[in-house]
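Structure record follows, encoded as C-alpha cells.
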Amino acid sequence: MPQLVNKFITNKNFSEILKMQQQILIDYEEDITKYAGVLDRTKILNCYRKIPVFLGNENKKIQISKIADGARNREYVGVIEWLSNAGIVNVSYALEQAS
C-alpha cells in the first residue's frame, strides 16, 4: 500500500485514499471469483467478507458457525487455507506458551 501512503502525503486528503482502499477490496473479491473453484467461491467470499466482523470481536478468531446460517466446519474445510495461500489472511494458531 505504498501508493496509498504516497497519495496521502501528496494530497493530504483521505477522500481519495478511501476510494483507493475500496478498489483494493473490490479487486480482492474479483480475484477470489476468478481463481477459486466454482464450488468453493461462495464459501470463500462469505468468509472473506466476515473477516472485519471477526477482527472487531474481543477474541478475534473466526467461527465458521457465524459465517453463514447452518455453516459447519466440515463444509468450510480448506477455505481459510485458500485465503492464507492467496496471501489475504495470516493464520495464527493458538499457543499455550510462547517460546
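The values are calculated or read from the model by the stated rules, or taken from the named source; none is laboratory data. Since this is a predicted model, take the numbers as computed values, not measurements. Don't worry about glycine lacking a Cβ; one is built from the backbone with ideal geometry, like all the others, and counts go over all protein chains shown.
A few notes on this one:
The rows are residues; the columns are (1) assigned to a helix (DSSP H, G or I); (2) within 13 Å of the chain's Cα centre (by Cα); (3) surrounded by 13 or more Cβ atoms within 10 Å (Cβ to Cβ).
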residue: Leu18; (1), (2), (3): yes, no, no
residue: Tyr28; (1), (2), (3): yes, yes, yes
residue: Leu39; (1), (2), (3): no, no, no
residue: Ile44; (1), (2), (3): yes, yes, yes
residue: Phe54; (1), (2), (3): yes, yes, yes
residue: Glu58; (1), (2), (3): no, no, no
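- Test: Lys34 is exposed (fewer than 10 other Cβ atoms within 10 Å of the Cβ), outside any loop (DSSP other than H, G, I, E, B) and at pLDDT 90 or above: yes
- Filtered by the rule that a residue be part of a loop (DSSP other than H, G, I, E, B) and not hydrophobic (A, V, I, L, M, F, W, C), region 1-16 gives Lys12, Asn13.
- Apart from one condition, Val79 fits all of (1) exposed (fewer than 12 other Cβ atoms within 10 Å of the Cβ); (2) touching a Lys or Arg at 6+ places or on another chain (Cβ under 6 Å); the exception is (1).
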